[in-house]
């Protein structure tokens, strides 16, 4: 069955192409709208009047006395217009007193009567003569220190004739050519953009697809990426770093777990194969089974603590939960000859937490403290508004070993039992899942664990 390549609506290439097409169509629409507005408001006609007046003012020739004598116009300058169409277009030159010193063939009959004409200043004007509306423009100029005024005017009907019979058709042709050129230019730009500017995305996609669990160390290159794509690539690389770290920790965890379970299994097998069936052998088997059971339970608990979806957050009263944990561990404390004490310095403090997870965290901290506390000493819990501190008066550990305490399968040298070495690691996972900070400190004597409810970002 042959595969058919389709363009997805979510395709970036399609979106870029659509943007170019829409941009081209909007440009054409704006050009047409501008042309229509220009025609409807006679903008071109007004500009033509102004430009014509400025051009004529520059072609005035003066006699020996410094007075305007004629216009230096040729056939190309439409000199015939003022003679052949004397009722439609005319010009004149006035002095500062308003006296006419030079005019075209139309004569005085073309212009408004004296005193009713346009002001002698650079401006456009409109007047009527013999029922015909005329549009004009005044352009001042100077010669040998004297100021003169050139006035040029043409009839509205002549302007509309030229505009609608000549200007508009050529404007339409111009818009058509402009539209065609614009479509081609936008198409080329879209092609270049899609082929070259978006080419790095294809390379990134291929490189990302080649990454497997065996090549999580690989990283996508950011040096050649466009500035807009580089943050995305950098974020993807950070995700790869977290995945690599998680995968490595998982592999180490599985290897350590296999190692930890291998020894008791071998012992159980050896003891089962022994022909001797006495009480000591049975007790040893039960001890090994209990140890493995504890290992498995701790492994399962660690897996649950590492998964954020397992948490259900509610408002938990810290003091009530601490007292509940102490009641649970009271028999263990009595057996070890250790007293348990709680000090509430902040009143009724409530935290947003998963109650079961927080119970497990506090239980493991207190259990660890009881295991290391000498007989006839006190394990204390201090409750503050944003922190809970658990302290024992045991031998403590060396400062260089403090960072190792939350490593999986790490065991202290002074425990009374042979624990799985996962309790503190579970505590750390729970703290991280809540956004808390859990640290261990030397207390002289003993060891102090501080659980801070402040966010890691603010700590």
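The values are calculated or read from the model by the stated rules, or taken from the named source; none is laboratory data. This is a predicted model, so every value here is computed, not measured. Note that we place each Cβ from the backbone using ideal geometry, even for glycine, and neighbour counts take in every protein chain shown.
Pairing residues of segment 354-375 that are free of Cβ contacts under 8 Å to residues at least 12 places away in the same chain with residues that are assigned to a helix (DSSP H, G or I), at Cβ distances under 8 Å and at least 6 apart in sequence or on separate chains, gives no pairs at all. Scan segment 317-335 and tell me whether some residue there is part of a loop (DSSP other than H, G, I, E, B) and in the same structural domain as residue 379 (by TED's automatic domain parsing). No, segment 317-335 has no match at all.
Matching residues to (1) outside the structural domain of residue 18 (by TED's automatic domain parsing); (2) modelled with pLDDT of 75 or more:
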| residue | (1), (2) |
| --- | --- |
| 157 | no, yes |
| 185 | no, yes |
| 223 | yes, no |
| 236 | yes, yes |
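Among the residues making up segment 354-370, those that are over 13 Å from residue 332 (Cα atoms) and touching a helix residue (DSSP H, G or I) at 6+ places or on another chain (Cβ under 8 Å) are 354, 355, 357, 358, 359, 360, 361, 362, 365.
The residues in segment 112-134 that are closer than 21 Å to residue 95 by Cα and in contact with a strand residue (DSSP E or B) (Cβ under 7 Å, 6 or more places away or on another chain) can be counted, and the count is 10.
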